[in-house]
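Taking it in order: structure first as structure tokens, then the write-up.
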Amino acid sequence: MPCRTIAVANQKGGTGKTATTLNLGTALARMGKRVLLVDADPQGDLTKSLGWKDPDALESPTLADHLNAMIEGTALDPREGTLSHDEGIDLMPANIELAGMEMPILMAMSREQLVNMWMSPLKAHYDFIIFDCAPTLGIIPVNAFVASDSVLVPVSAEYLPASAMTGLLKTVGRVRRQINPSLEVEGILVTLSDSRNNLSHDIEQTIRERYGSTYRVFDTVIPRAVSAAEAPAAGMSVFSYDGDGKVAHAFERFAEEVLDRG
Ligand SMILES: Nc1ncnc2c1ncn2[C@@H]1O[C@H](COP(=O)(O)OP(=O)(O)OP(=O)(O)O)[C@@H](O)[C@H]1O
Ligand SMILES: [Mg+2]
């Protein structure tokens, strides 16, 4: 199976990007896939959610070091610093040093290609490489889009996606036209849905009506649950934290939908 690379992105904060990256990755690993998750957010939320509580204290290389190596042309094995999680996924961590890389990246030749240059040799080792992007449309998410086959967009069922969605889709279109013609929108995933709340249902319907004819809107909706909010503090996926819960079941169905297409 050729490696599939997916950027999980939404310019809006708190839409479930990190939770989606972590739990989709774990679900795929449970199905026997070789999965690398890449923390592309200087906040290091994915790194923390997988149990490395103090990403700024990591002594092994992080994504920032790999990007720096690409810019400087220094030798660094692209796998160095990869952390292995006991749920069967690998992680390239990030920390605050990634924020400091924005300017050097912008000044670099091939400034949009650095993540792709780092990632390309890793594709031989994995079935899926999934990027957890920060809630911006800066040069680092653009690098993730250039390196990816598709962009997966988690959207919260708490608010109607408006300008953030338009901005994201515009950026994806721009990357496709100018740099990565094979970039696709993987689809829109409705997250943080509260089944007892009519608003959640209305927002889901509006998303399906507004975007469903142009983009894939996944059938699976990720429900809101206390256990899913607690799992990151325990450093594990919802499968380990509450394997029989509704969020674990939803991510399993979602992973099947993602696999169905590829
Ligand atoms: N299914 C869920 N049920 C309950 N809480 C959830 C669920 N998914 C995520 N959360 C919580 O909601 C918050 C936002 O989720 P998450 O961090 O995944 O969003 P994000 O889009 O990555 O945020 P950011 O834009 O800051 O990177 C977190 O506190 C997370 O633990
Ligand atoms: Mg996040």
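The set of residues in region 41-61 that are on the phi < 0 side of the Ramachandran plot, touching a residue at least 40 places away in the same chain (Cβ under 8 Å) and either open to solvent by 20 Å² or more (accessible area, probe 1.4 Å) or more than 10 Å from ligand 1 (Cβ to nearest atom) (or both) comprises 42, 43, 45, 47, 48, 50, 52, 53, 55, 56.
Selection of first residues in region 135-149 that are open to solvent by less than 20 Å² (accessible area, probe 1.4 Å) and of second residues that are among the aromatic types (Phe, Trp, Tyr), restricted to Cβ pairs under 7 Å at least 6 apart or on distinct chains, gives the following pairs, ordered by first then second residue: 144/131; 148/131. Among the numbered conditions (1) open to solvent by 10 Å² or more (accessible area, probe 1.4 Å); (2) within 16 Å of ligand 1 (Cβ to nearest atom); (3) closer than 30 Å to residue 225 by Cβ, tell me where residue 90 comes up short. (2) is the only condition that residue 90 fails. For region 7-27, the criterion of being in contact with a Gly (Cβ under 7 Å, 6 or more places away or on another chain), open to solvent by less than 40 Å² (accessible area, probe 1.4 Å) and away from ligand 2 (no atom under 16 Å from the Cβ) is met by no residue. The condition of being away from ligand 2 (no atom under 16 Å from the Cβ), open to solvent by less than 40 Å² (accessible area, probe 1.4 Å) and of a type in the set (Ser, Thr, Tyr) holds for only one of 191, 214, 220, that being 220.
From the list 50, 137, 63, the lone residue that is in contact with a Leu (Cβ under 8 Å, 6 or more places away or on another chain) and at pLDDT below 95 is 137. Remark: pairs (first residue in region 6-22, under 13 Å from residue 190 (Cβ atoms); second residue of a type in the set (Asp, Glu) and more than 8 Å from ligand 2 (Cβ to nearest atom); Cβ separation under 7 Å; 6+ apart in sequence or on different chains) are absent.
The values are calculated or read from the model by the stated rules, or taken from the named source; none is laboratory data. Remember, predicted model here, so these are calculated numbers, not experimental data. Note that we place each Cβ from the backbone using ideal geometry, even for glycine, and neighbour counts take in every protein chain shown. We work out accessible area using only protein heavy atoms, side chains counted, and drop any ligands, DNA or RNA first. Shrake-Rupley method; radii C 1.70, N 1.55, O 1.52, S 1.80 Å.
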